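Q: I am attaching a structure below and will ask some questions about it afterwards.
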There are 4 protein chains.
Amino acid sequence: MKHVAVFGAGRIGQIHASNLAALPGVKLDFVCDALPAAAARLAQQLGAQVADTDTILADPRISAVAICSPTSTHSDLIARAAAAGKHIFCEKPVDLSVPRAQAVARAVADAGVGCMIGFQRRFDPTFSEARRRMDAGEIGTPEMLVITSRDPGAPPVEYIKQSGGIFRDMLIHDFDVFRWILCADGDEAAWLSATGSVLTDPAVGEAGDYDCTAVTIRTHKGRLCQINTTRRAAYGYDQRFEVLGSRGLLQCGNQAPSQVTQWDANGIKADKPEAFFLQRYAAAYRLEIEHFFECLQSGQPFKTTVEDGVAAQKLADAATQSARTGQPVSL
Amino acid sequence: MKHVAVFGAGRIGQIHASNLAALPGVKLDFVCDALPAAAARLAQQLGAQVADTDTILADPRISAVAICSPTSTHSDLIARAAAAGKHIFCEKPVDLSVPRAQAVARAVADAGVGCMIGFQRRFDPTFSEARRRMDAGEIGTPEMLVITSRDPGAPPVEYIKQSGGIFRDMLIHDFDVFRWILCADGDEAAWLSATGSVLTDPAVGEAGDYDCTAVTIRTHKGRLCQINTTRRAAYGYDQRFEVLGSRGLLQCGNQAPSQVTQWDANGIKADKPEAFFLQRYAAAYRLEIEHFFECLQSGQPFKTTVEDGVAAQKLADAATQSARTGQPVSL
Amino acid sequence: MKHVAVFGAGRIGQIHASNLAALPGVKLDFVCDALPAAAARLAQQLGAQVADTDTILADPRISAVAICSPTSTHSDLIARAAAAGKHIFCEKPVDLSVPRAQAVARAVADAGVGCMIGFQRRFDPTFSEARRRMDAGEIGTPEMLVITSRDPGAPPVEYIKQSGGIFRDMLIHDFDVFRWILCADGDEAAWLSATGSVLTDPAVGEAGDYDCTAVTIRTHKGRLCQINTTRRAAYGYDQRFEVLGSRGLLQCGNQAPSQVTQWDANGIKADKPEAFFLQRYAAAYRLEIEHFFECLQSGQPFKTTVEDGVAAQKLADAATQSARTGQPVSL
Amino acid sequence: MKHVAVFGAGRIGQIHASNLAALPGVKLDFVCDALPAAAARLAQQLGAQVADTDTILADPRISAVAICSPTSTHSDLIARAAAAGKHIFCEKPVDLSVPRAQAVARAVADAGVGCMIGFQRRFDPTFSEARRRMDAGEIGTPEMLVITSRDPGAPPVEYIKQSGGIFRDMLIHDFDVFRWILCADGDEAAWLSATGSVLTDPAVGEAGDYDCTAVTIRTHKGRLCQINTTRRAAYGYDQRFEVLGSRGLLQCGNQAPSQVTQWDANGIKADKPEAFFLQRYAAAYRLEIEHFFECLQSGQPFKTTVEDGVAAQKLADAATQSARTGQPVSL
């Protein structure tokens, strides 16, 4: 039985806590949150106890922690948990500062613990099926990737102000998808050009951010990736990509709540995609936490490491710089 | 906390036992199966105990039972559980004999317990979304229903011999869908014509059964339903229906493992439907058992009653008779 | 150069006249219609002349005629044209009376002329692609056929009264599709059961007809076919079929005016099917008349003969009888 | 009756010549081609005569010409035809040199003749339906456009060498689509970044060109456009775009030869897109030439003017420069 603690009892903390508590062989002992009431509610719901960081990290029974607290706490918690010899599952991003994230990666390596970063898209049944077929050679060598990544609506401007900007906050996942899909053979980004606009709400621009972005990446092997993003798609949460290879194309579509189509005088209407990430990635969240514990059990490497976290953030930094200067960045 | 026992530790018993054990407020106390090893395995897995029927029915803490044992045991177990004052969830069919099923329905009514029959399709997210839109008036008055119901392969002939025939074994679900979708306003079947063939395996015919069938039902209000069925669809499990109303059509498609399409020299290829009923109806099984306990809690009526079970079996009997005689049946 | 005359300058006559006039090597010389103004308009538009039946049939240059006049004139015109040694393209049906249709078939055979019946669905690019794949063995042996055939709205009751009823007027095409798809190896219908309702307009019932029908056919080889039809589909003209074989399924969908999908707060909306038969079967009409002249040129047999016309009408007669009596018909 | 001459009897000249010859009120008098045999064949097929440029331009009956000869002849022929007072339909591009194209545009304006450039995509039924819905306000204000434009295979390297490069040869159409879809209110490109790779055939790179490209354009109003292109898509000709507006998305898919889907053990397979531009844009070519003559008749302006041709070429030049320098271009 693995004894585990969760840091953060917010939206994503609740997801991970419930999912890991339901795994056979895993016991959620502690929940920790800056808001005691939130911690207490989640702990009670899942039969765990509230505890503070020191208590958790000092408890020898606890072998792993899941870090779902605010971004600003990630690097510090990872470092402390690593020092305490705990294995770590941490939500993205490692840290908004790449140097700090790199330092954390070194600390993790030094401590010899496992650290998996929550890039849940790699566990989405549709996306991972595409990866599986690429591995099976079904489309030959990858050449181009087009990622469509659209949120149903912008978060509050207060959130945006401290988010690190859209490239670090939202596209971090897309940068990881780019590396996962186009760079599996060790290729990496060589050149990146990004641009952005404020089209949905002037307040986003006043906060120094963009709400619509377009990124292009060229790899050392000449593969091309385009990412288009908006904070506000009127029809909901839109998460697709398509990868062109020398022998074919894999297109990953959205998932819908039902398979009903309605035919009437207005046309033939299918469901919109799942409403937002909690619904769309429900299976992915389950599968990634399962993967974390399977790897702890088997000793296999995680599919998404802290190094992946650092690499995605470097791309986010490059995109931020490119969009601000209007110039491409060489990597 | 509701304390519950499950009869039957086979494929479907495992599904229901796991699902109800995961519900908050529900505790699986006992598992009962004619094969002690099967009972023990399931009980251990879910933290329950093995017990025999008498023990279970005599235990005053047990307020409900789930009957997932072989068809031949259903009516007797329902009657005994009802007499013992337990609420009942029972897999379809109530009994292969309509008179016995009717007697059981009376016994349940006399005992004043709840009895829900496991027509899980009514809980499938796609099918129930169609029903919801009909209730919302989106297609006007229903007029025609076309049901496509195809298994990926025939069960062993030994199973078929004691199954009551394809109409009772396989189409029972389709007859319930017919009543659920076309007869929600109290309409019922008035005329039924069925025919069948043996096209996939002569052994099916030697066992006195069909492997491909075509059924037509006309209701008192003149609504029309056609059902096409086969035991063997080379591409897998195919469960669709479409209902035409005065203002539009609702088409319910299959569910696929992923939303990947592969474009290559051969065409554009999407996933086959989910492999079989355990995958396709995974959500439906979860939702139906949840509904059972919600109704016990709230006192609301079940969506699928023992009377629905009897009504579907009457249609199965009529279809069997029609196919054998080559003549329609008036109901 | 083939010199040709067209009988009938109505909706379907205009289609065929335009299509044949555009073929290289074909010259439309004459148009004949009971309404001189209609004949004159079409003739002028296509550079032809108005003529009466006698003139046309007596003109030795005319080697072929296209009969697009009202149904009641078909058998007489076919017989006269055959006697005059003209090859014949005739719109369905040959005659509402099967014995008269059979007599006409004999007259055609005796005269040694070609007579093709306008079952244009066999030339629809989607439907004929399905037939081509069956011929290529892609789904193995055919087992079941489900035909969905729905008009966007009923014609005037005056038309219905003299139409011969929905089975002869509308399902005649579906009966031909049944034979084309399921009976290509010489199989034929053995048993037919039909039922009908009046759900859209009581006047249809008062005229002695149905507006919604359900037909089931079983062939000598045990293949099953179900046809569902309505005169009024709120979303338009719906022409689909799917054929299940021992190795797979071919599903033939509708054709849409555009490939635009609109994603908004209401869902993801695709176009309705093409509005009605003139749009849906535009390509089929072109291809069938091209086929007629190609066969005249090459001496190859027509894909749809007068015997096919007679066979479809026998099924229409059987369906009419079955629906009226409530009893199946053996063929 | 409009009397017309066609310059160029190659692949695209044959298309336009056949289409205009079939229009009521239009008479194709002359065909001109550097290869007399090609001219003679096309002329004979369509009942026209072979003539040289001087003869055609001197003939007062000829009121319009269609220029389908090689790119290098376009600007000179436009200028001469304009000087001779003929209306002009010219295939894209106007000229590989923007200054020469601009000079031609001025010559056309001075002569007061009409000059339409063959951007046939604006007449594609799917694409123009999207534009129509945008005009109807169905998706609000446009914000982002993603264009996927892929050829089934590269042309011979000899062609590529004199093509002006992939941006001028292939993306010229996409640049026009960008302007048509995102700039209908007078907005224009402000910033463009392009990059390219050679992934399919090193000979393309040796010829100084790319075979895979990624372009991003930002307009003055901040709208974003991404274009992804390859010379070689293993599955065929792929022509899609999707435009996101403040209220929804319009997605334009490919067109397929048939609506058959095949379900078997491998999955559910739909047709590949139409094979190449002659098939995909068959309707568009018909509709654009019809539009040309309708405008000549009605005096309405063309939907695609010589100014549109110049504007698209400026974008192609900018993309070429950006890809070569690795730096964005301000416009």
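Q: Gaussian network model of chain C, Cα springs within a sub-10 Å range: biggest mean-square fluctuation belongs to which of C:293, C:167, C:178?
A: Between C:293, C:167, C:178, it is C:293 that shows the largest mean-square fluctuation.
Q: Treating only the Cβ atoms of Lys and Arg (+1) and Asp and Glu (-1) as charged, compute the dipole magnitude of the protein assembly as shown about its Cα centre; round to the nearest 20 debye.
A: On the way: 132 positive and 148 negative charges, 0 e Å.
Here the protein assembly as shown has a charge dipole of around 0 debye.
Q: Right, here's the next one. Given points 7 Å out from each Cα along the Cα-Cβ axis, report the residue A:295 to residue B:290 separation in nanometres with one decimal.
A: 3.0
Q: I'd like the orientation of helix B:125-135 relative to chain B: the angle between its Cα long axis and the longest Cα principal axis, in ° from 0 to 90, rounded to 10.
A: 70
Q: Here is a further query. Set the Förster distance to 51 Å, then compute FRET efficiency between residue C:282 and residue B:59 from the Cβ-Cβ distance, nearest 0.05.
A: It comes to 0.10.
Q: Please report the orientation-averaged projected area of the protein assembly as shown, defined via the convex hull of its C-alpha atoms, in nm².
A: On the way: hull surface 211.7 nm².
In nm², the orientation-averaged hull projection of the protein assembly as shown is 52.9.
Q: Right, here's the next one. Ignore the peptide's own chain and count Cβ atoms of other chains within 10 Å of each Cβ in C:241-251; give me the average, rounded. Intermediate values should be presented prior to the final figure.
A: Values: counts 0, 5, 0, 12, 3, 5, 4, 10, 11, 5, 7.
Across C:241-251, the average partner-chain Cβ count within 10 Å equals 6.
Q: Hey, another quick one. Could you pull out every residue, at least 5 positions away or on a different chain, whose amide H is within less than 5 Å of the one on residue D:116? Hs are placed 1.01 Å off N in the peptide plane, and Pro or chain starts have none.
A: D:88, D:89, D:90
Q: Putting +1 on Lys and Arg Cβ atoms and -1 on Asp and Glu Cβ atoms, find which of C:79, C:147, C:325 reaches farthest to the positive end of the dipole of chain C.
A: The Cα lying farthest towards the positive end belongs to C:147.
Q: Amide H neighbours of residue C:221 under 5 Å, counting only residues 5+ apart in sequence or on other chains, H built in-plane at 1.01 Å?
A: Hits under the 5 Å cutoff: C:188.
Q: While we're here: For a paramagnetic label modelled at 7 Å from the Cα of residue A:187 toward its Cβ, which residues of the stretch A:207-247 fall within the zone defined by backbone nitrogen distances under 16 Å?
A: A:216-227, A:242-247
Q: Which three extents, in angstrom, do the Cα atoms of chain D have along their principal axes, listed largest first?
A: Result, largest extent first: 56, 51, 47 Å.
Q: Another question about this same structure. Cβ neighbours within 10 Å, averaged per peptide: list B:219-231, C:72-84 in order, most packed at the top.
A: Values: B:219-231: 23.0, C:72-84: 20.2.
Ranked by mean Cβ neighbours within 10 Å, highest first: B:219-231, C:72-84.
Q: Applying 1/(1 + (r/R0)^6) with R0 = 35 Å to the Cβ-Cβ distance of residue C:27 and residue D:3, what FRET efficiency is obtained, to the nearest 0.05?
A: That gives a FRET efficiency of 0.90.
Q: Which of the lysines could be linked to residue B:303 by a straight reach, that is with a Cα gap under 25 Å, when you skip same-chain ones fewer than 8 residues away?
A: B:2, B:27, B:86, B:92, B:221, B:314
Q: Rounded to the nearest 500, what is chain C's calculated 222 nm mean residue ellipticity when only DSSP H runs of at least 4 contribute -39500 (n - 2.57) each, over all residues?
A: Working: 13 runs with 131 residues, N = 331.
Dividing the helical sum by the residues of chain C leaves -11500 deg cm²/dmol.
Q: Quick one: 3J(HN,Hα) in Hz for the stretch A:119-124, Karplus 6.51/-1.76/1.60 with θ = phi - 60°, rounded, Gly and Pro as x.
A: Whole-Hz 3J(HN,Hα) from phi for the stretch A:119-124: 8, 5, 4, 5, 10, 4.
Q: Moving to a separate point now. Determine the shape class of the stretch A:129-277: with a ≥ b ≥ c the square roots of the Cα gyration tensor eigenvalues, call it rounded for a/c under 1.5, and otherwise prolate if a/b is greater than b/c, oblate otherwise.
A: On the way: a/c = 2.38, a/b = 1.10, b/c = 2.15.
The shape class here is oblate.
Q: What is the mean number of Cβ atoms from other protein chains located within 10 Å of the Cβ atom of each residue in peptide A:124-136, rounded to a whole number? Working shown, then result.
A: Details: counts 2, 5, 6, 3, 2, 6, 5, 1, 2, 3, 0, 0, 0.
Going residue by residue through A:124-136 and averaging, the value is 3.
Q: To continue, here is another question. Taking H placed 1.01 Å from N in the peptide plane, check which residues at least 5 places from residue B:49 or on another chain put their amide H under 5 Å from its amide H.
A: Sorted by chain and number, the residues that satisfy this are B:30, B:31.
Q: Sticking with this one: Give me a comma-separated list of calculated 3J(HN,Hα) values for the stretch D:236-253, in order, Karplus coefficients 6.51, -1.76, 1.60 applied at θ = phi - 60°, integers in Hz, x for any Gly or Pro.
A: Listing the rounded values in order: x, 8, 10, 9, 9, 8, 9, 10, 9, x, 5, 10, x, 10, 10, 10, 9, x Hz.
Q: Please check: in the Gaussian network model of chain D (C-alpha springs, under 10 Å), which one of D:206, D:274, D:188 has the largest mean-square fluctuation.
A: Sorting by GNM fluctuation, first place goes to D:206.
Q: Measuring nothing but label to label, 7 Å from Cα along Cα→Cβ, what are residue A:136's distances to the other copies in nm, shortest first?
A: In ascending order, 2.2, 3.7, 4.2 nm.
Q: Here's another thing I want to ask about it. I'd like to check one number: the per residue accessible area of the stretch B:185-298, probe 1.4 Å, reported in Å² as a whole number. Display every interim value, and only then the final one.
A: Numbers: 3540 Å² over 114 residues.
On a per-residue basis, the stretch B:185-298 sits at 31 Å².
Q: What does the copy distance list look like for residue D:83, label position 7 Å along Cα→Cβ, in nm and ordered from shortest?
A: Result, one decimal in nm: 7.1, 8.5, 11.1.
Q: Using θ = phi - 60° and the Karplus form 6.51 cos²θ - 1.76 cosθ + 1.60, what ³J(HN,Hα) does each residue of the stretch D:314-331 get, whole Hz, x for Gly and Pro?
A: Result, ordered by residue: 4, 5, 5, 4, 5, 5, 4, 5, 5, 5, 6, 8, x, 10, x, 10, 8, 10 Hz.
Q: Could you identify the residue of C sitting closest to the C-D rotation axis by Cβ and state that distance rounded to whole angstrom?
A: In residue-and-Å form, the answer is C:22, 4.
Q: May I pose another question? Ordered shortest first, which distances in nm separate the 7 Å Cα→C-beta label point of residue C:203 from those of the other copies?
A: Those separations, rounded to one decimal, come out as 5.9, 5.9, 7.0 nm.
Q: If you average 1/r over every pair of different alpha-carbon atoms in the stretch B:2-118 and take one over that average, what Kirkwood value in Å do you get? Can you show the working numbers first?
A: Values: mean 1/r = 0.0723 Å⁻¹.
Here the Kirkwood hydrodynamic radius works out to 13.8 Å.
Q: Based on the Kirkwood radius over alpha-carbon pairs, what is the Stokes-Einstein translational diffusion coefficient of the stretch B:255-330 at 4 °C with 1.567 mPa s viscosity, in µm²/s? Let's see the in-between values first.
A: Values: Rh = 16.7 Å.
Value of D from the Cα-based Kirkwood radius: 77 µm²/s.
Q: Between the stretch A:177-199 and the stretch C:70-144, how many Å separate their Cα centres?
A: Computed from Cα coordinates, the inter-centre distance equals 61 Å.
Q: For the peptides B:311-322, D:137-148, C:52-63, what is the packing order when you average, over each peptide's residues, the other Cβ atoms within 10 Å and list the highest mean first?
A: Working: B:311-322: 23.4, D:137-148: 20.2, C:52-63: 15.3.
Per-residue mean Cβ counts within 10 Å order the peptides as B:311-322, D:137-148, C:52-63.
Q: Ok, one more. Relative to the first principal axis of the alpha-carbon coordinates of chain A, what is the inclination of helix A:172-182, with its axis defined by its Cα atoms, in degrees from 0 to 90 and to the nearest 10?
A: Tilt relative to chain A: about 70 degrees.
Q: Please give every one of the lysines within straight-line cross-link reach of residue A:269, meaning a C-alpha to C-alpha distance under 17 Å, and leave out same-chain neighbours fewer than 8 residues apart.
A: C:269, C:272
Q: What residue among B:39, B:17, B:109 shows peak mean-square fluctuation when chain B is described by a Gaussian network model with Cα springs under 10 Å?
A: Of B:39, B:17, B:109, the Gaussian network model singles out B:109 as fluctuating most.
Q: Determine the distance separating the Cα centre of the stretch C:218-292 from the Cα centre of the stretch A:241-292; give it in Å without decimals.
A: Here the answer is 26 Å between Cα centres.
Q: Right, here's the next one. Tally Lys/Arg at +1 and Asp/Glu at -1 over every other residue whose Cβ is under 15 Å from the Cβ of residue B:82; what's the total?
A: Details: positive: B:80, B:86, B:100, B:106; negative: B:76, B:95, B:110, B:307.
In short, 0.
The values are calculated or read from the model by the stated rules, or taken from the named source; none is laboratory data. Note that this is a predicted model, so its numbers are computed, not measured. Because the Cβ atoms are built from the backbone with ideal geometry, glycine has one as well, and the counts that use them run over all protein chains shown. Each accessible area value is taken on the protein alone, full model and side chains, heavy atoms only, with ligands, DNA and RNA left out. Shrake-Rupley method; radii C 1.70, N 1.55, O 1.52, S 1.80 Å.
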